[in-house]
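Q: Sharing a structure here in structure tokens format.
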Protein chains: 2
Amino acid sequence: MATIKDVAGAAGVSVATVSRVLNDNGYVHEDTRTKVMLAMKKLNYYPNEVARSLYKRESRLIGLLLPDITNPFFPQLARGAEDELQREGYRLIIGNSDEELEKELDYLQTFKQNQVAGILAATNYPDLPEYSGSFYPVVFLDRTKEGAPSVFSDGRAGGKIAAEEMLRGGSKCITLVKGPDHLPTAQERFSGALDVLQNADAQFQVMSAASFSLNDAAALAEELFAAYPETDGVIASNDIAAAAVLHEALRLGKKVPQDIQIIGYDDIPQSRLLFPPLSTVRQPAYEMGKEAANLLLHMIKKEPLTETAIQMPVTFIKRQTTRKDDDHE
Amino acid sequence: MATIKDVAGAAGVSVATVSRVLNDNGYVHEDTRTKVMLAMKKLNYYPNEVARSLYKRESRLIGLLLPDITNPFFPQLARGAEDELQREGYRLIIGNSDEELEKELDYLQTFKQNQVAGILAATNYPDLPEYSGSFYPVVFLDRTKEGAPSVFSDGRAGGKIAAEEMLRGGSKCITLVKGPDHLPTAQERFSGALDVLQNADAQFQVMSAASFSLNDAAALAEELFAAYPETDGVIASNDIAAAAVLHEALRLGKKVPQDIQIIGYDDIPQSRLLFPPLSTVRQPAYEMGKEAANLLLHMIKKEPLTETAIQMPVTFIKRQTTRKDDDHE
DNA sequence: TTGAAAGCGTTACCAA
DNA sequence: TTGGTAACGCTTTCAA
């Protein structure tokens with residue numbers, strides 16, 4: 001690979017002037033500029049990012065920390081971030097933590113060692129000192145932290161909407177599925193729904209999901225109908241859980257949405273391909289990724305921030321696992 | 001962040017000896033080693049990867065090029081690779097090409113500028129000069145290239161299995177969905193199935209899918225039943241398409257698998273949550289990612305390779321969108 | 001067994 | 001408007 005020296009040699013100038021044309025700063029005569037550009041073209045020169053990073057003490061890499069890219073919600077977040085970052089010349093180093101502290105710390109460590117320009121973190125441990133040190137800017141993604149830059153959606157509102165729609169459809173014996181205790185986002189949507197249900201004229205019960213994994217979702221769905229066979233409405237903790245519940249309901253011969261309504265959360269792409277297509281509360285994952293990337297970009301450029309905590313709106317996607325208003329039995 | 005100089009200062013030795021203990025090479029007295037280790041601990045020192053990379057002209061970063069992480073098949077590939085690379089201290093820089101040449105070249109370029117140690121590429125353009133230059137080792141993932149290291153699964157066998165199972169279930173009017181023309185993997189599974197169908201006592205027709213996107217899949221499913229209402233078996237190009245077909249079949253009031261059998265391809269995690277759970281041909285995506293990472297690791301270490309083209313086995317996952325042997329109408 | 005110093009490819013300061 | 005050179009943090013000769 002050609003270096004700046006080669007270019008300087010070929011153009012008959014010093015590396016300093018090559019650097020100047022490269023970065024478009026300082027004075028450089030028009031003639032020598034073209035000479036240099038020609039040489040660069042001829043040698044197919046591209047600057048070594050590693051050398052740049054070393055000098056600048058900052059690379060054009062962004063660390064993206066995710067619980068698990070295998071969960072369909074996160075790839076969208078990642079894509080949103082990537083597409084945004086891309087345009088400014090930043091790339092992503094990705095790390096899946098599996099929600100394990102050790103893995104997370106390990107990734108954080110290597111992010112630092114690679115002099116990342118910033119970090120996008122969907123973490124369960126926002127209070128880690130690693131996130132408050134001023135090594136690099138951090139934006140929390142799908143998570144909040146008091147006073148820290150973050151992008152998330154309105155979980156309480158989402159939970160409320162789900163419960164309201166469930167009631168509107170006329171369910172009288174609702175099972176509310178509570179997501180993993182350690183996930184604040186899961187708790188928020190849960191408590192939003194709980195509030196509504198508690199003040200409503202409907203019977204309801206709560207079940208707890210151990211995780212968002214497929215296996216746990218399937219197990220939960222079975223338990224749910226075993227424990228509460230009279231359930232005629234399920235507010236699931238996310239779309240995966242909802243799919244599992246839908247699956248189990250159909251397996252038991254129930255008609256959806258006539259016998260039982262089901263509402264998911266997230267609106268992952270696959271949800272519309274379920275049958276019946278899943279009614280769900282949509283989080284704008286791709287846009288959240290974009291917003292977070294944007295915020296981070298501003299921080300990296302040390303531009304003043306107007307807002308530091310960006311809350312994205314949540315919307316109800318009415319498909320066919322819920323009934324119409326006038327569809328009550 | 002503490003540097004090697006700080007450590008040297010604190011330990012009262014030269015940076016050279018710190019480097020020696022760091023890399024565990026060359027002679028260093030036991031006493032001075034402990035002195036140095038103590039200093040490192042005290043200063044919470046971790047070597048700057050960027051500086052290392054610059055000197056070594058190789059970073060501990062691996063470029064991972066994917067069509068689209070949003071397609072559920074790829075996150076698994078990525079996780080497999082990540083988990084394997086992780087153990088040897090390598091991290092992933094990720095790039096989604098959307099199958100666009102320009103984006104791909106752009107990522108390849110920046111991978112090089114970041115001096116990646118190697119590249120894992122799920123590319124449609126394996127013949128690009130970028131892949132044959134000897135800048136960095138490359139392993140093709142889910143793709144083949146004559147004589148080049150690659151990890152893929154046996155598409156023809158997969159297609160055959162799908163067709164055989166379809167026939168075994170007794171379908172007589174089969175629609176075979178052909179995936180995008182530009183995807184060799186899609187063509188292979190297609191031609192495998194085609195071979196079987198052509199030599200069988202069954203009527204069949206072919207439909208072409210423009211892409212693997214959800215929207216196209218949904219549109220295709222509608223067209224399929226409009227064009228071939230008598231279809232009693234669909235061999236889909238992948239699980240997304242199969243989900244769409246299943247969806248449409250149920251919407252039309254068909255019984256699955258009694259009226260129509262459906263077979264997918266890939267076995268993405270969500271497929272078992274469909275109802276009825278999808279019968280499909282499984283590609284071991286996670287393992288493929290692992291194998292590819294492993295192969296690449298060997299190449300990076302310049303270890304001799306026994307095999308360079310690794311073909312992974314494909315298996316039929318019998319769930320409930322296909323009939324039993326004796327289940328014929 | 002240790003240290004001095006060159007070099008990896010840039011950028012930026014200071015002189016010219 | 002240009003060039004020389006120190007510096008970024010590390011590794012690796014080469015000498016001592």
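Readers should treat all values here as calculations from the given coordinates under stated rules, not as data from a laboratory. If you're wondering where the values come from, they're calculated on a predicted model, not measured in any experiment. No Cβ is skipped: glycine too gets one built from the backbone with ideal geometry, and neighbour counts run over all protein chains shown.
Q: Percent of Cα-Cα pairs per 10 Å bin, from 0 to the last occupied bin, for region A:4-47, please list those.
A: With a bin width of 10 Å, the distribution comes to 34, 62, 4.
Q: Would you work out if region B:61-103 is rounded, prolate or oblate? Take a ≥ b ≥ c from the square roots of the eigenvalues of the alpha-carbon gyration tensor; rounded if a/c is under 1.5, else prolate when a/b is larger than b/c, oblate otherwise.
A: Verdict is oblate for region B:61-103.
Q: Using amide H atoms built 1.01 Å from N in the peptide plane, name the residues 5+ places from residue B:150, or on other chains, whose amide H lies under 5 Å from its own.
A: For residue B:150, the qualifying residues are B:140, B:309, B:310.
Q: Given label points at 7 Å from Cα along Cα→Cβ, what nm distances, shortest first, separate residue A:41 from the same residue in every other copy?
A: Ordered by distance, the counterparts are at 6.0 nm.
Q: Taking amide H positions as placed 1.01 Å from N in the peptide plane, with prolines and chain starts having none, which residues 5 or more places from residue A:178, or on another chain, fall under 5 Å of its amide H?
A: A:207, A:208, A:209
Q: Another question, then. Starting with the fewest neighbours, write out B:19, A:208 ranked by other beta-carbon atoms found within 10 Å of each beta-carbon.
A: Listing B:19, A:208 from fewest to most nearby Cβ atoms yields A:208, B:19.
Q: Further, regarding this structure: Just to check I understand the Karplus step: with θ = phi - 60° and J = 6.51 cos²θ - 1.76 cosθ + 1.60, what whole-Hz values come out for region B:305-318, glycine and proline as x?
A: Values per residue, Gly and Pro as x: 9, 7, 10, 10, 10, 9, 9, 9, x, 10, 9, 7, 9, 7 Hz.
Q: Please identify the GluC sites (Glu not before Pro) of region B:125-194 that satisfy two criteria: DSSP loop assignment and at most 13 other Cβ atoms within 10 Å. Which are they?
A: Answer by residue number: B:146.
Q: Which distances, in nm and shortest first, link the residue A:105 label point to the same label point in every other copy, taking 7 Å along Cα→Cβ?
A: Result for residue A:105, in nm, nearest copy first: 4.6.
Q: Residue by residue through region B:45-55, which ³J(HN,Hα) values in whole Hz follow from phi under the Karplus form 6.51 cos²θ - 1.76 cosθ + 1.60 (θ = phi - 60°), with glycine and proline marked x?
A: The phi angles translate into 8, 9, x, 6, 5, 5, 5, 4, 4, 4, 5 Hz.
Q: For chain A, count all C-alpha to C-alpha pairs, find those more than 35 Å apart, and express that count as a whole percent of the total.
A: Tail fraction, whole percent: 37.
Q: Once you wrap a convex hull around the alpha carbon atoms of the protein assembly as shown, what is its projected area averaged over all directions, in nm²?
A: 34.6 nm²
Q: Also: For residue B:93, what is the net charge nearby, where nearby means another residue's Cβ is under 12 Å from its Cβ and Lys, Arg count +1, Asp, Glu -1?
A: Local net charge: +2.
Q: Sticking with this structure for a sec: Over the whole of B:289-298, what's the average partner chain Cβ count within 10 Å per residue? Rounded to a whole number, please.
A: Taking all residues of B:289-298 together, the mean is 0.
Q: Could you pull the Rg and Dmax for region B:110-223, using just the Cα atoms, both in Å?
A: 18.0, 57
Q: If you fit an axis through the alpha-carbon atoms of helix B:285-300 and take the longest principal axis of the Cα set of chain B, what angle between them do you get, 0 to 90°, nearest 10?
A: 40 degrees
Q: Is the C-alpha gyration tensor of region B:182-284 telling us rounded, prolate or oblate? Criteria: a/c under 1.5 is rounded; beyond that, a/b larger than b/c is prolate, otherwise oblate.
A: Rounded.
Q: Compute the angle between helix A:184-198 and the longest alpha-carbon principal axis of chain A, please, reported from 0 to 90 degrees and rounded to the nearest 10.
A: Compared with the principal axis, the helix lies near 30 degrees.
Q: If you put a point 7 Å past Cα along the Cβ direction, how far is that point for residue A:16 from the same point in each other copy, in nm, smallest first?
A: Sorted ascending, the copy-to-copy spacings read 3.2 nm.
Q: When DSSP beta bridges are limited to those with both residues in region A:204-329, what percentage is antiparallel, rounded to the nearest 5?
A: Beta bridges within region A:204-329, antiparallel portion: roughly 30 percent.
Q: I've got another one for you. Which of these, B:248, B:307, B:287, has the largest mean-square fluctuation under a Gaussian network model of chain B (Cα springs below 10 Å)?
A: B:307
Q: So what are the ³J(HN,Hα) numbers for region A:151-166, from phi and the Karplus equation (6.51, -1.76, 1.60; θ = phi - 60°), rounded to whole Hz, Gly and Pro as x?
A: Listing the rounded values in order: 10, 7, 10, 7, x, 4, 4, x, x, 4, 4, 4, 5, 4, 5, 4 Hz.
Q: Mind checking which aspartates and glutamates have their Cα closer than 12 Å to the Cα of residue B:254? Skip sequence neighbours fewer than 8 apart in that chain.
A: B:230, B:232
Q: Using a 10 Å cut-off around each Cβ, can you sort B:31, A:259, A:232 from fewest to most neighbouring Cβ atoms?
A: Details: B:31 8, A:259 14, A:232 22.
In increasing order of surrounding Cβ atoms, one gets B:31, A:259, A:232.
Q: Over chain B, calculate the relative contact order: mean separation of alpha carbon pairs under 8 Å at least 6 apart, over the residue count, as a percent.
A: Once normalised by length, the contact order is 18 percent.
Q: Could you work out how far helix A:214-227 tilts from the main Cα principal axis of chain A, as a 0 to 90 degree angle to the nearest 10?
A: Approximately 10 degrees, to the nearest 10.
Q: Sticking with this one: Over region B:155-282, what is the relative contact order in whole percent, taking alpha-carbon pairs under 8 Å and six or more residues apart? Kindly include the intermediate steps, with their values, before the conclusion.
A: On the way: 248 pairs, mean separation 33.0, N = 128.
RCO, region B:155-282: 26 percent.
Q: Further question on the same structure: What are the residues whose amide H is under 5 Å from the amide H of residue B:93, where those residues sit 5 or more places off or on another chain and H is modelled from the backbone?
A: Correct list: B:62, B:63, B:64.
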